[in-house]
Each structure stands twice: as structure tokens, then as C-alpha cells.
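The values are calculated or read from the model by the stated rules, or taken from the named source; none is laboratory data. These figures come from a predicted structure and were not determined experimentally. FYI the Cβ positions are ideal-geometry reconstructions off the backbone, even for glycines, and counts take in every protein chain you see. Remember, those area values only see protein heavy atoms, side chains included, never the ligands or the DNA or RNA. Shrake-Rupley method; radii C 1.70, N 1.55, O 1.52, S 1.80 Å.
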Amino acid sequence: MAELAWSSAQERTGGRAPGGTLLDVAGLRARVVDAAQTIVACHLAPGLGAPPRALQDAVAAVTGHALALAPNTRSGDDDAYAVWLDPARWLVVGTMAQRWSRLRALQLAVTTASPEAMASDATDALVMIDIAGARAPALMAMASALDFDSAVFAPPRTARGAFAGVSTVLYRHGDGFRVHADATLIAHVGAWLEQAARLLPRGQ
């Protein structure tokens with residue numbers, strides 16, 4: 001079903017997604033990024049504030065980085081990392097070349113570490129968009145009510161909130177911002193970005 005959603009999204013956006021440019025104007029660029037996205041989840045017993053150590057170690061052994069344990073943060077580096085979604089769920093991001101091999105390794109590792117843990121592929125279900133350029137902060141402020149000031153929203157901070165009216169996960173990444181949204185909404189997000197770019201003052 002997710003792959004059909006991607007196919008439909010490509011048709012509605014003129015083949016720009018996945019892996020394509022959504023926007024490229026003066027001071028503002030937005031592109032869909034190809035990356036493997038995996039949801040790791042577990043059951044937390046009442047009163048248990050962190051996932052079992054065995055699960056943490058299993059994920060680190062496969063991915064090379066720890067799970068983010070602090071709320072609204074990410075762990076790892078710019079290429080491979082885990083985003084905290086809630087106390088028992090994480091979005092693990094890595095390269096597309098590792099998508100299936102790492103998914104199988106994660107599934108085996110996490111279920112071995114904890115029978116109530118699981119890893120599931122979310123690559124086709126989520127679109128990942130990088131937004132950069134001198135006018136990117138102004139566009140982010142237009143898209144969301146979150147405070148994107150660099151002193152407040154600096155790495156490793158992340159957030160879950162509305163972006164262009166769509167529920168997303170977003171954070172600073174590289175020299176810009178990264179947004180994860182439902183893949184079926186890529187046409188809406190692309191159209192919103194184009195309209196917002198026209199409305200933003202050129203000086204921003």
C-alpha cells in the first residue's frame with residue numbers, strides 16, 4: 001500500500017519524488033531525501049523510564065549508535081541516527097544501501113533482546129524532506145508555530161508538530177532542516193512549499 005502511495009505521489013508531483021527536488025529558488029531549496037527509515041518499538045512496563053538495556057545494546061550493535069533516550073532528541077550523526085518519538089518508540093534513519101539488510105538485522109536483534117520489541121520498515125510510508133538556504137528559517141516559521149531559533153532548536157533537539165498543516169517530525173539537519181511526513185501527503189507539501197516561496201520576501 002505504501003509503495004502505491006509513493007507511485008501516486010510521483011504522478012501528482014511530476015515525478016519529483018522520491019529522491020527529487022521539490023523547490024529550488026533564490027535562497028531556498030527543498031528536496032526529497034532517499035534514506036532507510038525504520039520504526040523500533042518496545043513495551044515499557046509501568047514505572048520503567050527507559051527501554052531494557054539489552055534492547056539498547058542490540059540496536060547499537062546493528063546501527064553503530066544508541067537510541068535517543070531524552071525526549072525530543074536524536075542520537076548518532078548526520079547520516080545514521082535515531083529520533084525519539086515517545087518513551088517506547090524511535091525512528092531509526094540510515095542509508096538506502098542498508099535498508100533491507102539492516103532491517104532484517106534489527107528485527108532479529110530487537111526480538112532476541114526483548115520478545116515485546118519490534119522493528120518495522122517505514123521507508124515507503126514516510127517522506128523525508130531537507131529544506132535549506134538563507135530563507136529556510138523564514139519558511140519554517142511560516143510552516144509551523146514551533147520556535148526554530150538556533151539557540152532553542154539546536155541539535156540534537158527534535159520536535160513533533162504541524163508543518164504546512166501536516167503532522168510531522170522535524171529537526172535541524174546539516175545547514176538546514178529535515179522534515180518527515182506521511183508519504184501520501186507529498187503533493188500537498190510540495191504545493192505548499194511552492195506557494196510559500198512566492199509569499200516569502202526575497203530579502204529573507
Select from the stretch 160-204 the residues that are under 18 Å from VAL33 (Cα atoms), in contact (Cβ under 8 Å) with a residue 60 or more places away in the chain and either outside any strand (DSSP E or B) or open to solvent by 60 Å² or more (accessible area, probe 1.4 Å) (or both) and list them in ascending order. GLY174, ALA183, THR184, ILE186, ALA187, VAL189, GLY190, LEU193, GLU194
Output yes when any residue across the stretch 67-87 is part of a strand (DSSP E or B), under 20 Å from ALA154 (Cβ atoms) and of a type in the set (Lys, Arg), and no when none is. yes
Considering residues that are buried (at least 18 other Cβ atoms within 10 Å of the Cβ) and under 25 Å from LEU185 (Cα atoms), the number found within the stretch 63-79 is 1
If you go through the stretch 89-104, how many residues are open to solvent by 60 Å² or more (accessible area, probe 1.4 Å) and either among the β-branched types (Val, Ile, Thr) or within 16 Å of GLY76 (Cβ to Cβ) (or both)? 2
Is it true that ALA41 is at negative phi, at pLDDT 95 or above, of a type in the set (A, V, I, L, M, F, W, C) and under 15 Å from the mean Cα position of the chain (by Cα)? no
Which residues, taken from the stretch 134-159, are surrounded by 15 or more Cβ atoms within 10 Å (Cβ to Cβ), under 19 Å from the mean Cα position of the chain (by Cα) and over 30 Å from ALA45 (Cβ atoms)? ALA136, PRO137, LEU139, MET140, ALA141, ALA143, SER144, LEU146, PHE148, PHE153
Those residues of the stretch 51-62 which are under 29 Å from VAL152 (Cβ atoms), modelled with pLDDT of 95 or more and open to solvent by less than 20 Å² (accessible area, probe 1.4 Å) amount to VAL59
Somewhere in the stretch 102-114, is a residue in contact (Cβ under 8 Å) with a residue 40 or more places away in the chain and assigned to a strand (DSSP E or B)? no
Filtered residues of the stretch 85-113 (kept if over 18 Å from the mean Cα position of the chain (by Cα) and β-branched (Val, Ile, Thr)): VAL110, THR111, THR112
Any chance you could count how many residues in the stretch 155-204 are more than 23 Å from LEU91 (Cα to Cα), in contact with a strand residue (DSSP E or B) (Cβ under 8 Å, 6 or more places away or on another chain) and among the polar types (S, T, N, Q)? 0
